[in-house]
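First up is the structure itself, then whatever we jot down about it.
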Amino acid sequence: MIYLLPHTITLSAHRFPDREAFRFGKNSLTYREMDKRMNQLAGTLHSLKIKKGDRVGIYLNRSIETAIAIFGIMQAGAVYVPIDPKAPVERSQFLIEDCDIEILITQPVQKRKITQIISDKNNIRAIIGLPEMGEIQALSWEVVFAASAEFTLPFRILEIDLAYIIYTSGSTGKPKGIMHSHYSGLAYARLTTELYNITEKDRIGNHAPIHFDISTMGYFTSPYAGACTVIVSDAQTIFPASLGKLMEDEALTIWYSVPLALIQVVQNGVLENKNLPHLRWVLYGGEPFPPKYLRTLMTQWSNTRFCNVYGPAEVNQCTYYHLPGLPENDEPIPIGAVWNNTDYLVVDESENSVVPGTTGELLIRSATQMLGYWRNPELTEKSLYKVTDSTGQERAFYKTGDLVKEEAGLLHFLGRKDFQVKIRGYRVELGEVEARLITHAAVREAAVYSVRASDESQKIMAAVILNKEVAVSEDELLQYLKEKLPLYAVPEELKILTNFPRTSSGKIKRGALEFFKLEEK
């Protein structure tokens, strides 16, 4: 019986032992090999005295080892926490300290960054993936793969237990950890398998890094169905021409990414002469896909079905819209209908249900829903809308913060209720960017806002008022943010003003900043 995520590997190893489970470049693992590697890592973690529910950090670039790390950690009864190797050292240190991570899984290429991350504020006591690390215990991958593959979990793990924590931007300036259970991860795998009819014959292109929730299709759904996940390399994500070649060479049947990856493929003209007869589905999510690019792509891949996927990381996915044909105009594509095993409400500012055709906030209750925010019960409680049904049972809906309108049975996304935006699929709290900016000694006030670019994507912008005592340039402030934030959260432009447009109560009118140039420095 499958009730934990690692069970998907074990079951597929019995059903399809010689089928590829994961592939990265020229490296691949069959399900039999993946099951062995998973158990070898789990056993290694237990030799390091790992306990039930301990958090283990994954500090890896896209690689075959990411799959081994994810499932080896969960097989050991622990919780995996993805850490972006491209993030600033300060952010990585925060995640490690916030989760009390004592063991990191990495690779030799990350040794210099790991050295910077380790400090007296965290409790790192062992590192897997490096041959040596000074006074800290280090075990190379060669040592892991020489370990016994006979492993039995010495304690019980239930489906409702914590499986992984993914961090996103937090409005207070600190990232927040979203906790998911084995149950929610498996519910997502089951629902996606059913919705897209995924089988062991499918080959899924995994474009997203593991700290981005879109990656769960490649890492959870694929093993559930016995399919193969082709992990896209960091280099391939940079060069659109290589993505088209990858799709063709690997005979991918399903592609899932943020729209930007596909837009770049269109803009760079790499679709011509690409033969993709196997491609069944193109799924996109994280942000809207401008119809003008979508039309081009759908015309080129006329035998492929397209689906607009929607769902905050807190619920993985909750709606879908299978495009019936080419978009007829440039109106935004609907986020569609709520999928199975999911309930929803659309409410006004007083949290009363609204009638179809009226704008309101979307609330979701689903089997794929998070357990809550790591060590933040107040935020968890604030994010939930609780109702009591006719049986007296309390039901908790997640408040997405997204404004929608329902028309003809379809939901249409209208924007964010707060200052949160999605940039290239990554969720960014503008409040976090402001909080970081205001820490600079030269900055007196900061305002961060988003604007819509010519291709209809979102751009982050910033404006500041400086302290007169400190001189600093726009470029210096942007460089400061690059050292504090992930690159996708750094504003594309920053301007220095002598005052801000304000309301009568003194609040900054962020909506007016895009056009505000009076008294600009």
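From the list Tyr293, Tyr373, pick out the single residue that is touching a residue at least 60 places away in the same chain (Cβ under 8 Å) and in contact with a Leu (Cβ under 7 Å, 6 or more places away or on another chain). Before you say what the answer is, go through the steps one by one.
Values: Tyr293 fails: in contact with a Leu (Cβ under 7 Å, 6 or more places away or on another chain).
Criteria check complete, one pass: Tyr373.
Residues of the range 135-166 being in a loop (DSSP other than H, G, I, E, B), out of contact with any Pro (no Cβ under 9 Å at 6 or more places or on another chain) and more than 18 Å from Thr10 (Cβ to Cβ), which ones?
Within the range 135-166, Glu135, Ala146, Ile160 meet the criteria.
Going by the structure shown, is Tyr284 in contact with a Pro (Cβ under 9 Å, 6 or more places away or on another chain) and touching a residue at least 60 places away in the same chain (Cβ under 8 Å)?
Details: in contact with a Pro (Cβ under 9 Å, 6 or more places away or on another chain): yes; touching a residue at least 60 places away in the same chain (Cβ under 8 Å): no.
Answer is no for this residue.
Conditions tested, residue by residue: (1) in contact with a strand residue (DSSP E or B) (Cβ under 8 Å, 6 or more places away or on another chain); (2) free of Cβ contacts under 8 Å to residues at least 12 places away in the same chain; (3) at positive phi; (4) aromatic (Phe, Trp, Tyr).
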| site | (1), (2), (3), (4) |
| --- | --- |
| Ser383 | yes, no, no, no |
| Phe397 | yes, no, no, yes |
| Gly401 | yes, no, yes, no |
| Lys405 | yes, no, no, no |
| Leu410 | yes, no, no, no |
| Ile423 | yes, no, no, no |
| Leu430 | yes, no, no, no |
| Val433 | yes, no, no, no |
| Ile438 | yes, yes, no, no |
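Please state which of the following conditions Trp339 fails to meet, knowing it meets all the rest: (1) among the hydrophobic types (A, V, I, L, M, F, W, C); (2) more than 22 Å from the chain's Cα centre (by Cα); (3) over 29 Å from Asn275 (Cα atoms).
The one condition Trp339 does not meet is (2).
Which of the numbered conditions does Thr8 fail, given that it passes all the others? Conditions: (1) β-branched (Val, Ile, Thr); (2) within 30 Å of Lys113 (Cα to Cα); (3) buried (at least 24 other Cβ atoms within 10 Å of the Cβ).
(2)
Looking at the range 354-371, which of the residues that are of a type in the set (S, T, N, Q) and farther than 30 Å from Asp54 by Cβ is surrounded by the fewest Cβ atoms within 10 Å (Cβ to Cβ)? Break it down into steps so the answer makes sense when it comes.
First, the residues of the range 354-371 that are of a type in the set (S, T, N, Q): 358-359, 366, 368-369.
Next, from what is left, pick out any that are farther than 30 Å from Asp54 by Cβ: 358-359.
On the way: Thr358: 11, Thr359: 14.
If we take residues in the range 354-371 being of a type in the set (S, T, N, Q) and farther than 30 Å from Asp54 by Cβ, then Thr358 is surrounded by the fewest Cβ atoms within 10 Å (Cβ to Cβ).
From the list Glu248, Glu200, which one is modelled with pLDDT under 95, under 28 Å from Asn303 (Cα atoms) and among the acidic types (Asp, Glu)?
Glu248
Tally the residues that are among the small types (Gly, Ala, Ser), touching a Leu at 6+ places or on another chain (Cβ under 8 Å) and more than 27 Å from His182 (Cα to Cα), restricting the search to the range 376-425.
Selection size over the range 376-425: 1.
Do we find a residue being under 19 Å from Leu414 (Cβ atoms) and acidic (Asp, Glu) anywhere in the range 283-293?
Yes; the residues of the range 283-293 include at least one that is under 19 Å from Leu414 (Cβ atoms) and acidic (Asp, Glu).
What is the number of the single condition among (1) modelled with pLDDT of 90 or more; (2) over 19 Å from Lys459 (Cα atoms); (3) surrounded by fewer than 13 Cβ atoms within 10 Å (Cβ to Cβ) that Leu497 does not meet?
Against the list (1) modelled with pLDDT of 90 or more; (2) over 19 Å from Lys459 (Cα atoms); (3) surrounded by fewer than 13 Cβ atoms within 10 Å (Cβ to Cβ), Leu497 comes up short only on (3).
Tell me, which residue of the range 225-236 that is crowded, with 18+ Cβ neighbours inside 10 Å and more than 11 Å from Ile204 (Cβ to Cβ) is modelled with the highest pLDDT?
Gly226
Counting only residues that are part of a loop (DSSP other than H, G, I, E, B), crowded, with 18+ Cβ neighbours inside 10 Å and within 16 Å of the chain's Cα centre (by Cα), how many does the range 82-99 have?
4
Specify the residue that is surrounded by the fewest Cβ atoms within 10 Å (Cβ to Cβ); the eligible residues are those in the range 372-431 that are over 30 Å from Ala462 (Cβ atoms) and at pLDDT below 85.
Among them, the one singled out is Ser390.
Is it the case that some residue within the range 167-176 is outside any strand (DSSP E or B), crowded, with 21+ Cβ neighbours inside 10 Å and free of Cβ contacts under 8 Å to residues at least 60 places away in the same chain? Full working, then the answer.
Taking the range 167-176 and keeping what is outside any strand (DSSP E or B), we get 169-175.
Filter once more, so that each one left must be crowded, with 21+ Cβ neighbours inside 10 Å: 169.
Imposing the further condition that a residue be free of Cβ contacts under 8 Å to residues at least 60 places away in the same chain reduces the set to none.
No - not one qualifying residue is present in the range 167-176.
Could you check the range 204-263 and list, in sequence order, the residues that are in a strand (DSSP E or B) and of a type in the set (Phe, Trp, Tyr)?
Trp255, Tyr256
Among (1) touching a helix residue (DSSP H, G or I) at 6+ places or on another chain (Cβ under 9 Å); (2) exposed (fewer than 12 other Cβ atoms within 10 Å of the Cβ), which single condition is Leu323 missing?
(2)
What tally of residues in the range 244-283 results from selecting those that are under 23 Å from Ile333 (Cα atoms) and of a type in the set (D, E, K, R)?
Counting residues in the range 244-283 that are under 23 Å from Ile333 (Cα atoms) and of a type in the set (D, E, K, R) gives 1.
Restricting attention to the range 171-196, which residues are under 18 Å from Asp418 (Cα atoms) and in contact with a Leu (Cβ under 8 Å, 6 or more places away or on another chain)?
Result: Pro175, Lys176.
Looking at Val421, Val470, Val448, Val428, which one is farther than 12 Å from Ser169 by Cβ and either in contact with a helix residue (DSSP H, G or I) (Cβ under 7 Å, 6 or more places away or on another chain) or outside any strand (DSSP E or B) (or both)?
None of the other options fit; the residue is Val470.
Is it the case that some residue within the range 380-390 is more than 22 Å from the chain's Cα centre (by Cα), closer than 30 Å to Leu4 by Cα and among the aromatic types (Phe, Trp, Tyr)?
Within the range 380-390, one or more residues are more than 22 Å from the chain's Cα centre (by Cα), closer than 30 Å to Leu4 by Cα and among the aromatic types (Phe, Trp, Tyr).
Only residues in the range 39-55 that are within 11 Å of Gly72 (Cβ to Cβ) and polar (S, T, N, Q) count as the first member; pair them with residues that are part of a loop (DSSP other than H, G, I, E, B) and modelled with pLDDT under 95, Cβ under 6 angstrom, at least 6 apart or cross-chain, and list the lot.
Between residues of the range 39-55 that are within 11 Å of Gly72 (Cβ to Cβ) and polar (S, T, N, Q) and residues that are part of a loop (DSSP other than H, G, I, E, B) and modelled with pLDDT under 95, the close pairs are Asn39/Phe151.
Of the residues that make up the range 118-134, is at least one crowded, with 20+ Cβ neighbours inside 10 Å and assigned to a helix (DSSP H, G or I)?
Looking for residues that are crowded, with 20+ Cβ neighbours inside 10 Å and assigned to a helix (DSSP H, G or I), one finds none in the range 118-134, hence no.
Among the residues of the range 444-470, write down those that are out of contact with any Ser or Thr (no Cβ under 8 Å at 6 or more places or on another chain), modelled with pLDDT of 85 or more and under 16 Å from Glu493 (Cβ atoms). Step through it out loud before you land on a result.
Taking the range 444-470 and keeping what is out of contact with any Ser or Thr (no Cβ under 8 Å at 6 or more places or on another chain), we get 444-457, 462-464, 466-470.
Within this subset, residues satisfying the condition of being modelled with pLDDT of 85 or more are 446-451, 462-464, 466.
The answer is Ala446, Ala447, Val448, Tyr449, Ser450, Val451, Ala462, Ala463, Val464.
Tell me, which strands (runs of 3 or more DSSP E) wholly within the range 4-81 include 1 or more residues that are closer than 18 Å to Gly129 by Cα and more than 22 Å from the chain's Cα centre (by Cα)?
27-30
The values are calculated or read from the model by the stated rules, or taken from the named source; none is laboratory data. Predicted, not measured: the structure shown is a model, and the values here were computed from it. Note: ideal-geometry Cβ built from the backbone for every residue, glycine included; neighbour counts use all protein chains shown.
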